[in-house]
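The values are calculated or read from the model by the stated rules, or taken from the named source; none is laboratory data. Worth saying up front: this structure is predicted, and the values here are computed from it rather than measured. Neighbour counts are summed over all protein chains in view; Cβ atoms, including those assigned to glycine, are modelled from backbone coordinates with ideal geometry. Surface accessibility is based on the protein's heavy atoms, side chains included, excluding ligands, DNA and RNA. Shrake-Rupley method; radii C 1.70, N 1.55, O 1.52, S 1.80 Å.
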Amino acid sequence: MRVPTPSRRRLAITLSAALLALLGACGDSGGGSSADTADATSGDDTAGTSDTTVSDTSEDDAADAVEDTGPGDDADAADVSVDSDSDAADTSADADADAATDTDAAGCPEGQQDNDHDGVCAPACATGSCSDHGICTDNVGVVICVCDDGYDGDACETDVDDCVGVACLQGAACVDEVDGFHCDCPTGYGGTLCDACATGYQDEDADGVCAVDCTLTTCADHESCSVVAGAATCGCVDGYRRDDTSGDCVESICGDGVIDPADDEECEPGVGSLGSVCDPTSCHVDCAAIDPGFDTLTLATGCYFKANVASVSPGEAATLCDDLGAHLVTLTSYYEDVRVNDHYGLFWLALTVTSDGVVDATWADGEPVDYVSDTWNPQVGSAGWGDTFCVYANPSGWDNAPCYGTADAICEIDTCGDGVVTSNEECDDGNDVDGDGCDTNCTVTACGNGVLNDGETCDDANTDDSDTCPSDCQLGCAEGVDNWTSVTTTPYGCYLFFDSATTWAIAETRCEALGGIQAKVTSRAVEDRLVTASGGKYFWGGATDLATEGEWLWADGTPLTGYEHWTENAPDAAAYSCFQVTPWGWDDGRCNINLRYICEVSSCGNGTLEGREVCDDGNTTDGDGCDSNCRPTGCGNEIVTAGEACDDGNLDDGDGCTAGCQLPCDTGSGADAAWEHDGHCYSVFLANKTPTNAEFACQAFGAHLASIGSAEENAFIFGLVGGLSVIGLTDEAVEGTFVWTNGDTSDYRNWTEDEPGSGGDTRDCVYMLEDGTWYDEDCGRHGRYVCESAPNDR
């Protein structure tokens with residue numbers, strides 16, 4: 001579409017005849033002129049009078065010519081047409097005579113004239129004075145080019161770029177035109193800026209995309225129009241299919257020999273690999289029609305049968321099943337796992353695992369691997385097995401073996417999810433949504449159907465109370481249930497300890513199957529409970545830096561903030577990315593080794609009072625009346641909140657935390673000795689620790705490594721430890737700037753000779769020697785330590 005610019009007539013002026021001619025023009029500056037009157041009366045010039053009238057250089061034509069601002073265009077037009085009182089007359093019938101008189105009288109050379117009869121020759125309009133896009137006129141020795149709309153320049157030689165400042169939509173290019181522009185719109189778009197749909201197109205769903213208008217399209221019988229990929233497309237209506245021969249839409253009928261998925265057919269009798277097991281009335285698989293000689297099993301999730309061939313390799317098993325119109329078995333839920341394992345012996349699964357313990361993301365049929373057996377303990381790194389292991393199942397669970405081994409081939413034909421309830425299904429709503437009344441395994445939504453739904457914390461496909469999931473599908477915190485130990489602790493509630501060892505990733509998958517995550521260790525109280533539950537054995541914790549090296553996150557995506565308890569030199573190597581809990585603190589290790597694990601399951605924070613919860617305010621914020629362990633804020637609930645120096649979960653005295661949740665100096669939270677001195681508590685620990693771990697140990701009961709502000713205090717602390725010890729001074733943050741870990745600003749120092757040393761940034765921690773003087777050293781050295789705090793502020 002061409003868009004014109006606002007109408008305008010441009011004047012291009014070329015200076016000539018120097019200053020005298022211009023001064024002469026400026027002198028003729030009144031409101032009117034006798035010359036104008038003479039021109040109007042006689043049609044000729046009066047002797048001694050300029051051809052250019054006074055009005056040309058004041059408020060009329062000359063001003064219009066110079067300013068050329070909108071309405072002045074009309075005045076310009078008058079100058080060269082009908083204004084008989086001004087230059088219009090000079091540039092029409094009598095202009096030639098004037099020019100000839102001027103030239104002859106003054107004897108001016110060709111191309112010049114005596115414009116104002118003062119004997120001075122000046123340039124005159126001539127061929128080439130203006131381009132083809134301007135009209136030439138002369139005024140007081142100045143040649144003026146009056147430009148056509150859309151052109152500019154002294155000779156009107158420049159085409160004005162009307163696309164400047166124009167932004168076409170849909171990525172279209174702006175195309176400049178004479179006195180206008182247009183946007184080169186893509187197919188389907190129109191309007192000045194491609195901001196509308198072109199004729200025959202419409203934005204049906206208001207998403208800004210113009211598509212062919214189906215109202216302009218006529219379809220044949222049994223067809224309907226829809227916009228597909230931006231084009232109006234005629235397709236067969238439901239119940240009809242496109243005939244390959246005629247191209248017409250013909251009625252789709254079960255038994256017509258053509259499998260029509262659009263009409264919800266998954267097979268046709270006598271057609272293809274499933275023809276022999278196809279129900280002729282519904283064109284769906286009939287599990288009962290499978291040859292019983294194949295050892296068949298019918299479940300809500302599909303048909304299963306054993307290929308009548310001796311033990312084969314995994315690759316051979318997959319080929320056998322393909323040839324029979326099925327696929328190698330996939331066990332995608334506890335429901336399916338239990339029932340297929342109960343029926344068959346040793347058989348291959350459509351799943352592999354690498355030697356590093358990485359499990360396939362999907363099964364062979366494309367379903368995601370969201371479920372693995374809780375008994376599976378992949379053997380990684382076995383010599384001679386290659387880089388990939390194959391997985392098999394047996395009545396005891398799953399295991400992996402070299403892919404050149406042999407086992408039975410169990411084949412599967414999926415039936416669930418086609419929208420037709422067959423004899424083996426409880427329901428089939430044709431979707432893959434759980435919790436909508438019919439779940440993804442074609443069983444009715446309920447506790448015990450093997451699908452974890454809202455309101456359930458577990459579902460093991462039965463309603464027995466003798467296993468890991470009780471009959472109400474709620475994980476309680478009772479002790480001694482099957483192979484896990486329940487631990488009630490802060491801040492998340494229920495922890496399940498599993499004695500079977502596996503990789504970190506599989507442990508996380510198993511915890512998620514129970515509706516939880518691997519355990520978060522967020523306080524010393526939590527850590528102590530979990531270490532006790534593990535029997536002092538190493539176990540996986542729910543943290544990793546697999547996503548970003550050095551950035552440790554819990555399994556739920558939250559960072560490790562607040563409490564930390566890394567062992568010496570941990571975390572360290574980049575290859576060590578998974579979190580381990582030991583009796584001595586935290587460590588990092590390779591993710592593909594096998595360790596025991598603890599799952600954390602909780603409903604605390606969902607706003608519903610459940611299980612052992614005393615309160616639930618819908619969040620996990622401490623100190624707001626209901627703390628993150630769903631117990632009321634207060635002393636004795638295991639959460640340290642404002643006004644408490646400690647909270648050990650009880651209101652007893654004599655156990656390191658008083659009944660008022662304060663730390664007495666005479667206990668020191670398990671210290672070997674404790675002294676009150678100058679209003680502070682000093683707790684002495686004779687067990688050697690690194691400065692980092694000693695500081696963590698102090699913080700666990702609200703204290704810090706001791707700071708020393710005077711020679712008297714230094715002598716006091718030296719008398720308590722009587723040997724090499726750790727003090728709370730470090731320059732780890734800024735090399736050469738030593739600060740106290742408790743924030744003390746004391747500048748007292750008792751360095752031994754030649755200290756602090758010049759070992760660079762590796763000597764960041766400070767130790768007290770056997771004579772009471774100090775030196776800085778690598779932070780990996782161990783020593784006794786003293787924790788310091790105020791009696792009621794720690």
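Descriptive notes on the structure:
- Residue list for region 711-723, restricted to those being out of contact with any strand residue (DSSP E or B) (no Cβ under 7 Å at 6 or more places or on another chain) and open to solvent by less than 40 Å² (accessible area, probe 1.4 Å): Glu713, Asn714
- For Val258, the conditions (1) free of Cβ contacts under 8 Å to residues at least 24 places away in the same chain; (2) within 25 Å of Gly188 (Cα to Cα) are fulfilled apart from (2).
- Top-ranked residue of region 742-789 - restricted to ones that are open to solvent by 30 Å² or more (accessible area, probe 1.4 Å), at pLDDT 90 or above and touching a helix residue (DSSP H, G or I) at 6+ places or on another chain (Cβ under 8 Å), ranked as nearest to Asn688 (Cα to Cα): Asn750
- Any hit, region 184-205, residues being in contact with a helix residue (DSSP H, G or I) (Cβ under 7 Å, 6 or more places away or on another chain) and either open to solvent by less than 50 Å² (accessible area, probe 1.4 Å) or touching a residue at least 60 places away in the same chain (Cβ under 8 Å) (or both): yes
- Scanning region 514-525 for residues that are outside any loop (DSSP other than H, G, I, E, B), surrounded by fewer than 22 Cβ atoms within 10 Å (Cβ to Cβ) and either without any contact (Cβ under 8 Å) to a residue 60 or more places away in the chain or in contact with a Cys (Cβ under 7 Å, 6 or more places away or on another chain) (or both) yields a single hit, Ile517.
- Qualifying residue in region 683-691 (condition: closer than 19 Å to Trp566 by Cα, polar (S, T, N, Q), at pLDDT 85 or above and open to solvent by less than 50 Å² (accessible area, probe 1.4 Å)): yes
- Candidates Leu530, Leu560, Leu553, Leu595, filtered to the one that is surrounded by 14 or more Cβ atoms within 10 Å (Cβ to Cβ), of a type outside the set (Ser, Thr, Tyr) and without any contact (Cβ under 8 Å) to a residue 12 or more places away in the chain: Leu553
- Filtered by the rule that a residue be small (Gly, Ala, Ser) and either within 30 Å of Gln699 (Cα to Cα) or in a helix (DSSP H, G or I) (or both), region 494-513 gives Ala505, Ala507, Ala513.
- Scanning region 362-392 for residues that are more than 22 Å from Gly302 (Cα to Cα) and at pLDDT 85 or above returns Phe389, Cys390.
- Residues in region 562-602 that are part of a loop (DSSP other than H, G, I, E, B), of a type outside the set (A, V, I, L, M, F, W, C), under 31 Å from the mean Cα position of the chain (by Cα) and under 30 Å from Leu452 (Cβ atoms): Ser577, Asn592, Ser602.
- Candidate set: region 176-201, residues that are under 26 Å from Val227 (Cα atoms) and aromatic (Phe, Trp, Tyr); chosen: the one modelled with the lowest pLDDT: Tyr201
- Any hit, region 164-175, residues being open to solvent by less than 40 Å² (accessible area, probe 1.4 Å), modelled with pLDDT under 90 and over 30 Å from Thr415 (Cα atoms): no
- Within the set Thr567, Thr582, the sole residue that is in contact with an Asp or Glu (Cβ under 7 Å, 6 or more places away or on another chain) and either open to solvent by less than 50 Å² (accessible area, probe 1.4 Å) or not β-branched (Val, Ile, Thr) (or both) turns out to be Thr567.
- Among the candidates Val726, Val739, residue that is part of a strand (DSSP E or B), open to solvent by 30 Å² or more (accessible area, probe 1.4 Å), among the aliphatic types (A, V, I, L, M) and closer than 24 Å to Asp678 by Cα: Val739
- Here Ala407 meets the list (1) more than 25 Å from Phe294 (Cα to Cα); (2) at pLDDT 75 or above; (3) not β-branched (Val, Ile, Thr) almost entirely, failing just condition (1).
- Scanning region 654-664 for residues that are loosely packed, with under 15 Cβ neighbours inside 10 Å and modelled with pLDDT under 70 returns Gly654, Asp655.
- Region 299-354, residues that are of a type in the set (A, V, I, L, M), open to solvent by 20 Å² or more (accessible area, probe 1.4 Å) and outside any helix (DSSP H, G or I): Val309, Ala310, Leu324, Leu346
- Residue in region 238-252 that is open to solvent by less than 60 Å² (accessible area, probe 1.4 Å), closer than 29 Å to Cys185 by Cα and either acidic (Asp, Glu) or modelled with pLDDT under 85 (or both) present: no
- Selection count where residues are open to solvent by 30 Å² or more (accessible area, probe 1.4 Å), among the aliphatic types (A, V, I, L, M) and modelled with pLDDT under 80, scope region 477-513: 3
- Filter pass, Val734 being of a type in the set (Val, Ile, Thr) and either open to solvent by 30 Å² or more (accessible area, probe 1.4 Å) or over 24 Å from Ala645 (Cβ atoms) (or both): yes
- Among the numbered conditions (1) touching a Gly at 6+ places or on another chain (Cβ under 7 Å); (2) at pLDDT 80 or above, the only one that Ala461 does not meet is (2).
- Only one entry in Thr641, Thr667 is among the polar types (S, T, N, Q), part of a loop (DSSP other than H, G, I, E, B) and modelled with pLDDT under 75, namely Thr667.
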